[in-house]
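Working notes, structure below.
Nothing in this text is a laboratory measurement; each read-out follows from the coordinates by a stated rule. Remember, it's a predicted structure, so these values are computed and weren't measured experimentally. Neighbour counts are summed over all protein chains in view; Cβ atoms, including those assigned to glycine, are modelled from backbone coordinates with ideal geometry.
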Amino acid sequence: QVQLVESGGGLVQAGGSLRLSCTASLRTLNGYKLAWFRQAPGKEREFVGHIWWTAGEPAYSDSVKDRFTISRDNAKNTVYLQMASLTPEATAVYYCATGFAGVRYDSWGQGTQVTVSS
């Protein structure tokens, strides 16, 4: 498994922006797919989006498309989730996850709380 450390969560007002970070323990993430999930209180875990480490554009859930942006910094082994135009519905614990060759997400971060106030 890959050790993942998340940061960047916090309290933000509606309409604001927030950037989450997820840093992996490996020196290289070649061949890995990294993804973001979220889970709101009383709700099932929801897929947000993913990005392949080596190349390619990210993909997103329809629920966040055009408002959230996933990016990566290969030198820092870090993937980011930039969230814009936040609404209270975005309040959730956000998790990053990864797995080699996209077989399955077998490594998960501990999650970071995002709270959007109105």
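Given their separation in residues at 0.36 nm each and the Cα-Cα distance between them, residue 54 and residue 100 gain 15.4 nm when the chain is fully extended. I want to verify a result. In a Gaussian network model of the chain, Cα cutoff 10 Å, which of these has the top mean-square fluctuation: 29, 81, 11? The residue that fluctuates most here is 11. Mean-square fluctuations from a GNM of the chain, with a 10 angstrom spring cutoff on Cα atoms, peak among 56, 16, 31 at 56.
Restriction of the GluC sites (Glu not before Pro) in segment 1-90 to DSSP coil positions whose beta-carbon has at most 12 other beta-carbons within 10 angstrom yields 44.
The trypsin sites (Lys or Arg not before Pro) of segment 23-118 that meet both conditions, a loop assignment by DSSP and at most 14 other Cβ atoms within 10 Å of the site Cβ, are 27, 43, 45, 65, 104. The length gained on full extension between residue 11 and residue 43, counted as 0.36 nm times the residue separation minus their Cα-Cα distance, comes to 9.5 nm.
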